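Nothing in this text is a laboratory measurement; each read-out follows from the coordinates by a stated rule. Keep in mind the model is a prediction, meaning the values are calculated, not measured. Cβ placement follows ideal geometry from the backbone for every residue including glycine, while neighbour counts extend to all protein chains displayed.
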């Protein structure tokens, strides 16, 4: 498992288990973890979502720039996950983490 980014205090981490979609085309599905409790905060059900960049905007909020393999129009999206509150923002809308997969699917249409 590859570490992508760690929160400023080291409480949260974004990791990925990359997989090769085609020769030299790698997809990096994000896995957001709470290191204090060793629990999963979020990982998309659709393993075709890949994290391009992860940046911490606060101690518990991480901005993920995601793209969906294999690409094409409307396959890039910015998501802000609040690890402490277990919520997310996508396209300016607040969603529960349980609804994030549906929101990502809608955003890629």
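Values computed for the structure shown
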{"read-out": "Sequence ranges 22-31, 75-84, 60-69, ranked by mean other-Cβ count within 10 angstrom, highest first", "value": "60-69, 75-84, 22-31"}
{"read-out": "Kirkwood estimate for the stretch 49-109, i.e. one over the average of 1/r between Cα atoms, Å", "value": "11.7"}
{"read-out": "Estimated [θ] at 222 nm from DSSP helical runs (n ≥ 4, -39500 (n - 2.57)) normalised by residues in the chain, nearest 500", "value": "-2000 deg cm²/dmol"}
{"read-out": "Two-decimal Rg to Rh for the chain - Kirkwood Rh, Cα set", "value": "0.95"}
